[in-house]
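Taking it in order: structure first as structure tokens, then the write-up.
The values are calculated or read from the model by the stated rules, or taken from the named source; none is laboratory data. Note that this is a predicted model, so its numbers are computed, not measured. Please note: Cβ atoms are built from the backbone with ideal geometry, for glycine as well, and neighbour counts cover all protein chains shown.
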Amino acid sequence: MKPSYLIKPALDERYPEIDYGKGVFLFDKEGKKYLDAASGAVTANIGHGVPEIILAMHEQSKRVSFVYRSQFTSEAAEKLAEKLADALPGDLNWSFFVNSGSEATETALKIAIQYWQEKGIKSKTKILSRWISYHGITLGALSMSGHPGRRARFVPLLEEFPSISPPYCYRCPYQSTAPECGFLCAMELDGAIKRIGSDHIAGFIAEPVIGAAGGAITPPEGYYETIKKICDENNILFIADEVMTGFGRTGPMLASENWNIIPDIVALGKGMGAGYAPIAATVVSDHVMEPILHGSKSIMSGHTLSANPQSCAAALAVLEYLENNDILSDVESKSVYLKNKLDQLKKQFEFIGDVRGKGLLLGLEFVRMPGAKIPFERSMKLTELVVKAGRDQGILLYPAGAGLDGMSGDAVIISPPLTITKREIDELINLLKATFIEVYRILGFPYEN
Ligand code: PMP
């Protein structure tokens, strides 16, 4: 075999080489077919090879692929910002385009701090966040991430921003149930603010549905109302990290809309370019922009490829595709269909402890003993085992939870393109069943059909 100098995620592993993608399927160079039940990394939201997006990118590249943001604006960037302002709730009207989710959350952090500075309050420089969270890999974003596995190597360089428990009802730290619990995990935010002092806190960031770190951990009704109220009462901006949940992944454009919450700042990514181009955004509400517009009149952030016309044309085409084909209105019914089938699988495979999630961002948590919710020993690397068995069977799953950070249980995310058909969902379930039969065989667990 030829040596490879490409630094891949696991340097001792062999990765199949991709040939092409079509709809919810990917085909490697050896002709193997995969059902992309993860949309890559919850990214290929409208599936692979959509001609409208490819054409829009081609048309843009024929005119110009790149201009520098301090020299030119472009029709694609202007239209995208305008369309986003229309599509997002409340006064979330101002878009700053970047290239990755990490850049979007890191920019959100900086804008939150700048907002208070422009108002003459210089001491508000901390961003609080939750444990079992992932906000990105750059140092500011990692500082906000409650993900021990990804923090470990860089701890001396990081701020201790994660401060409170997540709304992880399956493993409630208070051994309680919502709403009787009084949302004690949300009330921890109030405690943290009192401890640190709201004079020092610029904002609080959360993923509406927890993705990579937890496996589609979904809060109970009432949780975000409590969080938003605490933020508002303490003069703390609420930043929604919708990098994974935005662009209709859970049904509405923003997952925050499921709970009638309008964040002050939103980070978008992944599904925004749907994998066709690297693009992400920090979207800022009018009231947060106001002191900046009247103050220094510039955001202290930016990248060479910010608002790249080619990427903006791709994201604009994705947004138009979602609208023209009314994709989001079907997400809920597909979610119910898929979730019911996952619930049926849970009855057949006892190691599925929890089926959860919102829209087409669903998660399965695996347990060694279902009644007692006892997790697998980490040394068993159950998440990795399931993902690998899935790949062998021809289905791509997204690893989450303990497989990566040792805080939550072993979990996978099931997040097919929003364009998946019900027949393809049936196929997904068949492949998942074959995967679990194989995992049971490897583990030596009995399985009776
Ligand atoms: N925030 C969330 C919620 C994410 O899921 C991710 C990526 N998994 C990021 C931020 C970072 O995005 P990126 O990998 O594009 O930098």
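Yes or no: segment 12-29 includes at least one residue that is surrounded by 13 or more Cβ atoms within 10 Å (Cβ to Cβ), of a type in the set (Gly, Ala, Ser) and either under 26 Å from residue 412 (Cα atoms) or not assigned by TED's automatic domain parsing to the domain that holds residue 284 (or both).
yes
Considering (1) touching a Lys or Arg at 6+ places or on another chain (Cβ under 7 Å); (2) within 16 Å of the ligand (Cβ to nearest atom), say which one residue 141 fails and leave the rest.
Result: residue 141 fails condition (1) only.
Counting only residues that are of a type in the set (Gly, Ala, Ser) and within 21 Å of residue 187 (Cα to Cα), which one in segment 113-163 is farthest from the chain's Cα centre (by Cα)?
At the first step, the residues of segment 113-163 found to be of a type in the set (Gly, Ala, Ser) are 120, 123, 129, 133, 136, 140-141, 143, 145-146, 149, 152, 163.
This time we only want the ones that are within 21 Å of residue 187 (Cα to Cα), so: 129, 133, 145-146, 163.
On the way: 129: 15, 133: 10, 145: 13, 146: 14, 163: 20 Å.
Checking each candidate, the answer is 163.
Taking segment 206-257 as the search range and keeping residues that are of a type in the set (Asp, Glu) and outside any loop (DSSP other than H, G, I, E, B), which one is farthest from residue 186 (Cα to Cα)?
Keep residues of segment 206-257 that are of a type in the set (Asp, Glu), which gives 207, 221, 225, 232-233, 241-242, 257.
Next cut, outside any loop (DSSP other than H, G, I, E, B) only: 225, 232-233, 241, 257.
Details: 225: 9, 232: 14, 233: 14, 241: 17, 257: 18 Å.
Checking each candidate, the answer is 257.
Tally the residues that are over 10 Å from residue 410 (Cα atoms), touching a residue at least 60 places away in the same chain (Cβ under 8 Å) and of a type in the set (A, V, I, L, M, F, W, C), restricting the search to segment 353-379.
Adding up the residues that qualify gives 3.
Looking at 318, 288, can you tell me which residue is of a type outside the set (S, T, N, Q), assigned to a helix (DSSP H, G or I), assigned by TED's automatic domain parsing to the domain that holds residue 69 and within 18 Å of residue 239 (Cα to Cα)? Working first, answer last.
Values: 318 fails: within 18 Å of residue 239 (Cα to Cα).
It is 288.
Given the residues 205, 265, which is the only one that is in contact with an Asp or Glu (Cβ under 6 Å, 6 or more places away or on another chain), within 16 Å of the ligand (Cβ to nearest atom) and more than 27 Å from residue 338 (Cβ to Cβ)?
Working: 265 fails: in contact with an Asp or Glu (Cβ under 6 Å, 6 or more places away or on another chain).
Only one candidate qualifies: 205.
Return the pair list, or none, for Cβ contacts closer than 7 Å from residues in segment 213-239 that are closer than 27 Å to residue 125 by Cα and in the same structural domain as residue 290 (by TED's automatic domain parsing) to residues that are among the charged types (D, E, K, R) and modelled with pLDDT under 95, at least 6 apart or on different chains.
As it stands, the answer is 213/405, since those pairs meet every condition given.
Residues checked against (1) within 16 Å of the ligand (Cβ to nearest atom); (2) part of a loop (DSSP other than H, G, I, E, B); (3) hydroxyl-bearing (Ser, Thr, Tyr):
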| position | (1), (2), (3) |
| --- | --- |
| 68 | no, yes, yes |
| 81 | no, no, no |
| 93 | no, no, no |
| 97 | yes, no, no |
| 102 | yes, no, yes |
| 116 | no, no, no |
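Which of the residues spanning segment 291-314 are part of a helix (DSSP H, G or I) and either touching a residue at least 24 places away in the same chain (Cβ under 8 Å) or surrounded by 17 or more Cβ atoms within 10 Å (Cβ to Cβ) (or both)? Spell out the reasoning first.
To start, the set of residues in segment 291-314 that are part of a helix (DSSP H, G or I) comprises 291-294, 309-314.
Across segment 291-314, the qualifying residues are 291, 292, 294, 309, 310, 311, 312, 313, 314.
Matching residues to (1) in a loop (DSSP other than H, G, I, E, B); (2) without any contact (Cβ under 8 Å) to a residue 60 or more places away in the chain; (3) aliphatic (A, V, I, L, M); (4) buried (at least 23 other Cβ atoms within 10 Å of the Cβ):
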site: 160; (1), (2), (3), (4): yes, yes, no, no
site: 163; (1), (2), (3), (4): no, yes, no, no
site: 170; (1), (2), (3), (4): no, no, no, no
site: 175; (1), (2), (3), (4): yes, yes, no, no
site: 187; (1), (2), (3), (4): no, yes, yes, no
site: 195; (1), (2), (3), (4): no, yes, no, no
site: 204; (1), (2), (3), (4): no, no, no, yes
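Among the residues of segment 37-66 satisfying the criterion of being farther than 12 Å from residue 318 by Cβ and in a loop (DSSP other than H, G, I, E, B), which is nearest to the ligand (Cβ to nearest atom)? Working first, answer last.
Our first condition is that a residue be farther than 12 Å from residue 318 by Cβ; within segment 37-66, this holds for 37-42, 48-49, 51, 55, 58-66.
Of the ones still in play, those that are also in a loop (DSSP other than H, G, I, E, B) are 37-38, 49, 64-66.
On the way: 37: 16, 38: 11, 49: 21, 64: 25, 65: 21, 66: 20 Å.
Per the criteria, the residue is 38.
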